[in-house]
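Trainee: Next up is a structure, given as structure tokens.
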Amino acid sequence: MSAPLRIAAWSGPRNISTAMMRAWENRPDCAVVDEPFYAHYLAETGADHPARDEVIAAGERDWRRVAAALLGPVPGDRAIWYQKHMTHHLLPQMDRAFVGSLVNVFLIRDPRDVVHSYARSRPGARITPEDLGVPQEAALYEYVVRATGAQPVVIDTAEFLAAPEAHLRAWCAALGIAFSERMLSWPPGPRASDGVWAPHWYDSVWKSTAFEPPQAHEHHDVAPVHQAVVDACLPHYEALRAQRLRP
């Protein structure tokens, strides 16, 4: 038997990461895992996120055990394991060596749109560039390039939503696997694979059955209170976008 394909999908929040997880989970040959480092992140940082106590209680707080599990047996002995990650969950003290043993992909979105969506999900919260995970994503991308000697796939989610099938076909081709039409739609509702935080974040995904077309606007207006966050994130986003997949 050939070794399983372990895809680590890295992004910040509000980057269609859950919808992308749905697409991969709808393949019969693919298992998924939803943000396995979240419990460690919350326990270590004390971040006040929705369902914080439930996430910590339900998850594994030892990041080393999580990393080992990600390289261990694939659930259901599937040929593909899609691992959804948030870049800000990789705290500075965590050894990144395990990342080099995964096939990494980076999902990116214009910070102006990310901060608009994130602020609606956490009204009143003080938002930092690190909350959006953009600086961490750029740093992790550079780490992967150094560790593997290869350029990982980068997907700009706005461009992806304008042509999901073309992007998924190109992505599968880059991975050396067959594209499946089942990646383009899925049944609505929650999944057993969803994290316990899903009721607070996944409402729109639970209602969805496919990728939604991009919104007809250039970019959301940025509230003055968030402009410094956007200014700090834009150079990292633009550097990653220059490497994006172009079907």
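The values are calculated or read from the model by the stated rules, or taken from the named source; none is laboratory data. Values in this document were obtained by computation on a predicted structure and should not be read as measured data. Here Cβ is always computed from backbone atoms with ideal geometry, including for glycine, and neighbour counts include all displayed protein chains.
Trainee: What number goes with the only condition from (1) within 19 Å of residue 240 (Cβ to Cβ); (2) outside any helix (DSSP H, G or I) that residue 178 does not pass?
Mentor: (1)
Trainee: A follow-up question, please. Restricting the search to the stretch 114-153, which residues are in a helix (DSSP H, G or I), among the small types (Gly, Ala, Ser) and touching a residue at least 12 places away in the same chain (Cβ under 8 Å)? Full working, then the answer.
Mentor: Taking the stretch 114-153 and keeping what is in a helix (DSSP H, G or I), we get 114-121, 129-132, 134-148.
Now restrict to residues that are among the small types (Gly, Ala, Ser): 117, 119, 121, 138-139, 147.
Scanning the stretch 114-153 gives 117, 119, 121, 138, 147.
Trainee: Can you pull out the residues in the stretch 226-247 that are part of a helix (DSSP H, G or I) and touching a residue at least 12 places away in the same chain (Cβ under 8 Å)?
Mentor: First, pick out the residues of the stretch 226-247 that are part of a helix (DSSP H, G or I): 226-241.
Correct list: 226, 229, 230, 232, 233, 234, 236, 237, 239, 240, 241.
Trainee: Taking the residues in the stretch 56-107 that are under 27 Å from residue 27 (Cβ atoms) and β-branched (Val, Ile, Thr) as candidates, determine which candidate is farthest from the chain's Cα centre (by Cα).
Mentor: Checking each candidate, the answer is 74.
Trainee: Could you identify the single residue in 110, 131, 53, 62 that is charged (D, E, K, R), crowded, with 17+ Cβ neighbours inside 10 Å and more than 23 Å from residue 159 (Cβ to Cβ)? Break it down into steps so the answer makes sense when it comes.
Mentor: Details: 110 fails: more than 23 Å from residue 159 (Cβ to Cβ); 53 fails: crowded, with 17+ Cβ neighbours inside 10 Å; 62 fails: crowded, with 17+ Cβ neighbours inside 10 Å.
Of the residues listed, the single one that is charged (D, E, K, R), crowded, with 17+ Cβ neighbours inside 10 Å and more than 23 Å from residue 159 (Cβ to Cβ) is 131.
Trainee: Condition check: without any contact (Cβ under 8 Å) to a residue 60 or more places away in the chain and either over 30 Å from residue 54 (Cβ atoms) or hydrophobic (A, V, I, L, M, F, W, C) (or both). Does residue 190 satisfy that? Spell out the reasoning first.
Mentor: Details: without any contact (Cβ under 8 Å) to a residue 60 or more places away in the chain: yes; either over 30 Å from residue 54 (Cβ atoms) or hydrophobic (A, V, I, L, M, F, W, C) (or both): no.
Spelling it out, it is not the case that residue 190 is without any contact (Cβ under 8 Å) to a residue 60 or more places away in the chain and either over 30 Å from residue 54 (Cβ atoms) or hydrophobic (A, V, I, L, M, F, W, C) (or both).
Trainee: Would you check if there is a residue in the stretch 164-183 being under 19 Å from the mean Cα position of the chain (by Cα), closer than 21 Å to residue 117 by Cα and of a type in the set (Gly, Ala, Ser)?
Mentor: The answer is no, given that none of the residues of the stretch 164-183 is under 19 Å from the mean Cα position of the chain (by Cα), closer than 21 Å to residue 117 by Cα and of a type in the set (Gly, Ala, Ser).
Trainee: Also, I was wondering about something else. Failed condition for residue 70, given (1) more than 17 Å from residue 87 (Cα to Cα); (2) of a type in the set (A, V, I, L, M); (3) in contact with a Pro (Cβ under 9 Å, 6 or more places away or on another chain); (4) modelled with pLDDT of 95 or more, with all others met?
Mentor: Against the list (1) more than 17 Å from residue 87 (Cα to Cα); (2) of a type in the set (A, V, I, L, M); (3) in contact with a Pro (Cβ under 9 Å, 6 or more places away or on another chain); (4) modelled with pLDDT of 95 or more, residue 70 comes up short only on (1).
Trainee: So which residues in the stretch 198-218 are assigned to a loop (DSSP other than H, G, I, E, B), surrounded by 13 or more Cβ atoms within 10 Å (Cβ to Cβ) and modelled with pLDDT under 90, if there are any at all?
Mentor: The answer is 214, and nothing else.
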